[in-house]
Amino acid sequence: MRLLFKKYHLLGQGLTGAGFVTLYFAFYAASGMYHLMPTGAAFALMACVTVAAGVMAVYYQSVLIALLGIVGGYATPGMLGDSGANDLFFYGYVLLLGCGVLGVSLVRRWPLLNVLGMLASYGLAFVYCDGHRASTQLVHGLIFLSAVHLLYLLSVIVIHIRKRLATGAVEWAALFLNAGLYWLWTFLLFRPIFGKEGTGLIALAVAAVYVALVYACIKRGLLDKALVSLFICLAAVFLAMSPMLMLSGDWLTMAWCLQALAMLWLSHKTGQGFLGKAAVALFAVACVRGMTWDLDCLYDRQHPWELTGVAFWKASGLRLLAYGALPATLLAAWRLKRTDRGIAKVFGLALVQVWLYVTFESDVIARVYAPHFRECAVTLVWTLFAFALLFAGIRLCGKWLRWFGLGLFALAVGKLLLADLAGLDTLYRIVAFISVGVLLVLGSFVYLKYKNLFEPAAGGEGTGDGGRP
């Protein structure tokens, strides 16, 4: 210490740090390896060493003393190896060092200390917990990892509030690294024992923590907008992963749709544009998955036409719930943001989803209960859907709804004449012609009768308010 203010101050800082390393080693070995003192006494003495190193580093403004103290403290368990120390002693030891790092960083803004302490804590946790196989040990390890994650998450927030400083690239990288290491270690260590469902619950809990943090920050105005956006991003990532692990593939799209709708509602209420963009991206992923994977799985690979009776209608209801969530949430999103420009495209996408569902579902029902009328049953459903679009377009003065309805009418008639009639018996041909003809006549009658409702608005309909389809 006498050298700290003189010519050889660097040598003095190095010797001071080495002294702290020796004290950490001595107290840990005396309790954990040789059992020369009780655990409580060693814990208290190491606490004193941590406080002393932090005080000296802050007082002499020496990053070197702080770094050597931290390196020595975290290296002690590694140097001793398997000393027979119990889990709680090890976890308390590492968390105590983390609290010391947080205390030093709170006084002197040294972000490198936080990053170093975080990396060392996760490294020790992985090495120590890697050999655990008992459920009790793994639960203790999970609690410890969660405590480390919260400690270094809150360290950035506390420093930001205490110093009133804007976060930079170092803080952003530390937060991403903290969340990534926590999830990676949790997945690798606990998935073999608790399975995908258990890790999915952990992801859901972490998402809940970040959502609560976002709510508190917005409510109290504690953090800058960029950091809140980062927390929203992390919450969205963990929330998107949880259904992938907890749910089967049939329900994943529904979970993503509900999550995207919740994110869109939160964006609408809080004014966070980033969250709205994330919701749109998640909706896009859900739509692509729904129109490809889900339709193929629900109506092809599961062979629903092989079921009969109650089992068939139960499976039909489950298909409606699984796939119907996609158009339902899209319609809810359109309703929520109906005043935004271009939102009518969302309404059109929802109608496409409904059309795909009724097409595949009517095909399966006809295949089971009316196999000779299968192709024409789809045509009849298309005609009914086209009539519904035409009627809605007239009532809502929606130009594109009417055009889609008329186009689907034409597609249904073309399908009936070019494809369906060739495979139908005479009776089914008569039924098909009469059914489609009646709907066409009814559609023409409605279109001509109520033509005056939409003709005066022809110059500005459909896109005048940005939200009407």
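The values are calculated or read from the model by the stated rules, or taken from the named source; none is laboratory data. Predicted model, so just to flag it, every value in this text is computed and none were measured. FYI the Cβ positions are ideal-geometry reconstructions off the backbone, even for glycines, and counts take in every protein chain you see.
Might you check whether a residue that is in a helix (DSSP H, G or I), assigned by TED's automatic domain parsing to the domain that holds residue 300 and within 29 Å of residue 316 (Cβ to Cβ) occurs anywhere in the stretch 381-390? Checking the stretch 381-390: not a single residue is in a helix (DSSP H, G or I), assigned by TED's automatic domain parsing to the domain that holds residue 300 and within 29 Å of residue 316 (Cβ to Cβ). Can you confirm whether the stretch 4-19 contains a residue that is surrounded by 14 or more Cβ atoms within 10 Å (Cβ to Cβ), outside any helix (DSSP H, G or I) and modelled with pLDDT under 70? Checked the stretch 4-19: at least one residue is surrounded by 14 or more Cβ atoms within 10 Å (Cβ to Cβ), outside any helix (DSSP H, G or I) and modelled with pLDDT under 70.
Listed conditions (1) farther than 28 Å from residue 399 by Cα; (2) part of a loop (DSSP other than H, G, I, E, B) are all met by residue 300, apart from (2). Of all the residues in the stretch 333-342, those that are within 20 Å of residue 389 (Cα to Cα) and surrounded by fewer than 20 Cβ atoms within 10 Å (Cβ to Cβ) number 3. If the condition is being in contact (Cβ under 8 Å) with a residue 40 or more places away in the chain, closer than 13 Å to residue 194 by Cβ and not charged (D, E, K, R), then the stretch 130-144 contributes 132, 135, 137, 138, 141, 142. Evaluation of residue 37 against the conditions (1) under 19 Å from residue 101 (Cα atoms); (2) hydrophobic (A, V, I, L, M, F, W, C); (3) modelled with pLDDT of 75 or more shows that the sole unmet condition is (1).
Quick check, is residue 98 over 28 Å from the mean Cα position of the chain (by Cα), at pLDDT 80 or above and surrounded by 19 or more Cβ atoms within 10 Å (Cβ to Cβ)? Here the answer is yes, as residue 98 does meet what is asked. Only a single criterion out of (1) modelled with pLDDT under 85; (2) basic (Lys, Arg); (3) closer than 17 Å to residue 253 by Cβ is not satisfied by residue 345, namely (3).
For the stretch 30-42, a tally of residues being in contact with a helix residue (DSSP H, G or I) (Cβ under 7 Å, 6 or more places away or on another chain) and either at positive phi or surrounded by 17 or more Cβ atoms within 10 Å (Cβ to Cβ) (or both) returns 3.
Just checking, does the stretch 155-173 include any residue being closer than 20 Å to residue 94 by Cβ, at pLDDT 85 or above and part of a helix (DSSP H, G or I)? The answer is no; no qualifying residue exists.
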